[in-house]
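Working notes for the structure below.
Nothing in this text is a laboratory measurement; each read-out follows from the coordinates by a stated rule. Since the model is a prediction, treat every value here as computed from it, not as a measurement. Counting neighbours? That spans all protein chains shown, and the Cβs are built from the backbone with ideal geometry, glycine included.
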Amino acid sequence: MPLANWLSASYLRTAVIPLCLIELGFLASYWVTGNFTYQRNVETVNRVSEKYLGDIATREAMTIQATLGSVEGLTRVFAMETGRALATPHVPPLAEQHRYRLAPNGVFHTVSGTAQDSASFYSGVVPVGPAQIDKVWRTVPLDPVMQHIKHASPLVRQLYVNTWDSYNRIFPYFDVQGQYAPRMNIPSYNFYYEADARHNPQRKVVWTDAYVDPAGGGWMVSAIAPVYGPQRLEAVVGMDVTVGTIVDRILALDLPWQGYAMLIGRDGTILALPRAGERDLGVRELKDHAYAEAIRSDTFKPGHFNLASRDALEPIARAIAARRSQIVRVRLGGREMLAANARVAGPGWSLVVLAPAANILADATSLRDLLRDVGLAMLAILLVFYVGFFLFLIWRARAMSRRVAEPLRAIETVMERIGTGEYDQAAPRFGVAEIDTVAERLVEMGGKLGEAHRRLLGQEAEVRRALDNERHVTTGQRRFINVLSHEFRTPLTVIDSCGQILRRRAGRLTEETTIERSEMIRRSAARIDDVMKSALQLVQLEEGEIACQPAPVPLGLLLRELARPAQADPRGIAVVVGNLPNGAAVLVDRILARSALAAIVDNARKYSHDGGTVTIEAQLDDAACRITIRDQGVGIAPEDLPHVRDRFFRGVNSTAIPGAGTGLYLAATLVEANAGQLAIASTPGQGTTVTVMLPLAAESAGDMPEAA
């Protein structure tokens, strides 16, 4: 046993304990009188406190009801305005229309906005067409209404409109594409279906249970109201109130006896719980939610937040289920609690006010303690010196222990941090020269280890980058050599074969045979020339020798030029240009744009069946021109589709078709150089569709000559 502890124990045995036994005799007489007075006080205090606790619960429940009632009134106004907007056609200004885009996955959504704008999201579970876009335009006038309601009520975090076909308009604006999941079925969420005819036949404002907001607001409760059209439920409007707001309201309650309140939902789920309640129930209030990915279904509070899952809260659950205000006693956190409940009309919640019974009886207990303290005073006076001396010994022993142990623990902590990779540490100072020197040397060592570790990581990253670059270059060169070898082998074989025939049978060949062999040699030479030109154009493009000089080009002239080379197609493949907008012009570099489109058309012809048709169509879309090139050829395999725009890449079904694998790569690069976009869709055995978006010129093409 340490010396300090042994001395303290010795003083306790020889002086303090005998004196305590003498004083206990004096305390007995005080205890009998104090206990009788205490029991009478307890009975009176219980009656008064239970009534007061019930009055507090009723008053605060009415306050919460009045606060939420204002939100319900605003929700009804919002529902009426939404019904009027859905029934009224509207054409928003172009600036508003430009905030929306139709994504390739079928989602129609906003891509920009400010704090004064709303966000829109058509999930695509119902295909988005003109009728759906018209519905979006009709809801645009709701933005000022949502702004005014949001500013009028500090409780409302956000407002939204959800339609039966999974369209959501929500205020304030946020990035809906990053938060919502495509093809999200909105009517399957509780903030929609709890307002439908089956759950809400009275068509009134209803409140949801707590759920995780898909828009990223964390735990929410919502006031929702249906909006009916002539034939069906068209939409559900809602206003979100964060659970954190309700918790703040509960935390702000100034309750006597160190009591607290908790808000219970219709199904018995705890909606709001202050920190004191968290300690008593052993849970943490769910004020936030981590969005590792988009929310795809309803997410409610866990089961341990329900009164039915806790035996200790069963008396409260029974009182709430019976819809009567009464005082019950429960045991939480190792202490007896008095609980009063009151119903919050409207959402159907219940407010439960709890207070420790010991605190309620504090006055009566204080009187009893006062009588007890009188008896203890004499004992305290006698013991004060011995206890003080005993405490002094303990304090001294602990001070010396801290003097030595704390620096060692601090140094151990520094070593652990260095061991986990936190190499840069500050040297702790303790005022002991030897220990301070050890700490400084340890920190210096950690800094050197960190510097060495960073150098190793940098060298490793540099080597990895060099290996990746080398692998990429080697792969491209090998693929290029394989393509050239394959493309040169066939025409060279034809040339060699024709040359041998001309040499061996020169005297016996007819004029027609000679011409036929000559044409075969010329076609083979042309094929080699095409491959070399494609490779040369690729090199020029990558070296930056080709510059883009955009100018207005008549759309009709540009597209009709693509059909001319196909007129003499030996395979009978027709290139048809149709659906050309009148007087349209695109702002492009004519040579580069024609090369890009010609590469796409040439690809379509090469992979088309004999006698097939390649169709070229154009359509104006806002400030761009959409050019669609369709063929009826072999199509592209799904596993090849992501790679067809890589240079020198050729798909599994292109073995017997000439080409260097640069066509679509050049086309995509040239289109992007002209500030355009290229998209490819294909079905094996049915053909391929290539869509090119090019910017429109400001002036009309009707005023421009269509000559080359």
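Could you please rank 222, 309, placing first whichever residue has the fewest other Cβ atoms within 10 Å of its Cβ?
309, 222
Using the count of nearby Cβ atoms within 10 Å as a rough guide to exposure, how do 615, 420 rank from fewest to most? Can you show the working numbers first?
Numbers: 615 18, 420 8.
With the fewest neighbours first, 615, 420 line up as 420, 615.
State the Kirkwood hydrodynamic radius of segment 68-242 in Å, one decimal place, computed from all pairs of distinct Cα atoms. Display every interim value, and only then the final one.
Values: mean 1/r = 0.0627 Å⁻¹.
15.9 Å is the Kirkwood radius here.
Sequence-distant or interchain residues sharing an amide H contact under 5 Å with residue 306, placed H: which?
Excluding prolines and chain starts, which carry no amide H, the hits are 270.
Grab the other residues whose beta carbon is less than 10 angstrom from that of residue 96, score K and R as +1, D and E as -1, and report the net. Kindly include the intermediate steps, with their values, before the conclusion.
Working: positive: 99; negative: 117, 143.
Summing Lys/Arg as +1 and Asp/Glu as -1 gives -1.
Treat the count of other C-beta atoms within 10 Å as a stand-in for reagent exposure and order 171, 108, 392 from fewest to most. Could you put the intermediate results ahead of the total?
Working: 171 24, 108 20, 392 11.
Taking fewest neighbouring Cβ atoms as first place, the list is 392, 108, 171.
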